[in-house]
Amino acid sequence: MTMRINPSILAADFANLERELGRIASADLVHVDVMDNHFVPNLTFGLQMVGRLQEVSPIPLDVHLMIDEPDRWAPGYAETGAFSVTFHAEAAADPVALARRLRQIGARAGIALKPGTAVEPYLELLPEFDQVLVMTVEPGFGGQSFMPETMPKLERLSRVVRETGLDVWLQVDGGITIDTIGIAAEAGANTFVAGSAVFGAEVPAERIMALREIADAHRHDRAPGTGRLDG
């Protein structure tokens with residue numbers, strides 16, 4: 001199981017984004033938080049900016065839409081060439097139809113769940129998605145503290161993915177640091193969004209490597225104390 005580190009440019013220097021993207025070229029993807037000041041109380045990037053980021057980024061874009069009406073707007077982000085487009089379950093009118101549309105355009109389709117959103121209604125729909133994002137903070141602002149109470153939701157998802165053999169990435173976003181990434185990895189996450197933990201480091205590439213190593217050491221399919229992987 002690959003452990004992916006996706007730095008969030010929400011923590012980057014907005015005045016020098018192309019340079020900042022170059023600093024994280026060793027990451028797997030760059031996480032782009034799109035906020036509309038309606039679904040969440042903050043305003044960040046729009047479609048035009050994401051298109052421009054797509055043109056200059058050395059790594060693929062992992063777009064996270066924290067917006068109202070994703071059924072209407074999400075396909076446009078896929079059309080920029082983004083590798084992955086994730087929308088919120090709480091905002092989508094027809095998550096399955098939207099995921100199919102995103103896949104048809106050529107993007108991986110992700111669905112995000114707020115901390116208070118139950119996962120059970122979406123378990124039977126997992127084959128329709130390429131990624132499930134479990135928010136480990138309330139969406140809207142960077143720099144918040146990790147919420148360990150969201151881990152049972154991640155563990156439930158991980159069990160279903162293992163039992164069904166689905167190729168669904170399990171992503172966590174919020175408060176991911178050197179101290180918390182292992183907790184999420186043990187619960188089953190394999191894709192980690194880290195903002196200030198990466199961009200706040202003196203050498204982001206070294207921090208990306210450290211986060212990936214810690215996640216790999218704590219991955220849920222590693223037999224405790226043996227250094228080997230189960231299965």
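At a glance:
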| item | result |
| --- | --- |
| Dipole-positive endmost among THR136, THR2, ALA205 within the chain (Cβ charges, Cα centre) | THR2 |
| Charge dipole of the chain about the Cα centre (unit charges at C-beta), most positive-ward option of THR164, ALA89, LEU29 | THR164 |
| Alpha carbon centroid spacing (whole Å) that separates the range 101-132 from the range 136-195 | 14 Å |
| Percentage relative contact order, the range 4-217, counting C-alpha pairs under 8 Å, at least six apart | 20 percent |
| Taking TYR77, TYR122 and counting other C-beta atoms within 10 Å, the order from fewest to most | TYR122, TYR77 |
| Segment GLU124-ALA97, extension gain: residue separation times 0.36 nm, minus the distance between their alpha carbons | 8.3 nm |
| Kirkwood hydrodynamic radius (C-alpha pairs) into Stokes-Einstein, the chain, 20 °C and 1.002 mPa s, D in µm²/s | 123 µm²/s |
| Dipole magnitude of the range 4-217 about its Cα centre (Cβ charges: Lys, Arg +1; Asp, Glu -1), debye to nearest 20 | 260 debye |
| Paramagnetic reach from GLU163 in the range 108-124 [backbone N under 17 Å; point 7 Å along Cα→Cβ] | 119-124 |
| Residue (of HIS218, ASN42, GLY195) at the positive-pole extreme of the chain, dipole from beta-carbon charges | HIS218 |
| Note, ³J(HN,Hα) from phi for the range 74-80, Karplus 6.51, -1.76, 1.60, rounded to Hz, x at Gly and Pro | 4, x, x, 6, 5, 5, 6 |
| Cβ-based exposure ranking for HIS31, HIS218, HIS38, in which fewest neighbours within 10 Å come first | HIS38, HIS218, HIS31 |
| Taking the C-alpha atoms of the range 80-176, convex hull volume expressed per residue in Å³ | 105 Å³ |
| Potential lengthening between GLU213 and ASP13 on full extension [0.36 nm per residue; Cα-Cα distance subtracted] | 69.4 nm |
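Only the coordinates and a few stated rules stand behind these numbers; no lab work does. Bear in mind the structure is a predicted one, so any value in this text is a computation, not a measurement. So basically every Cβ, Gly included, is an ideal-geometry build from the backbone, and we count neighbours across all protein chains shown.
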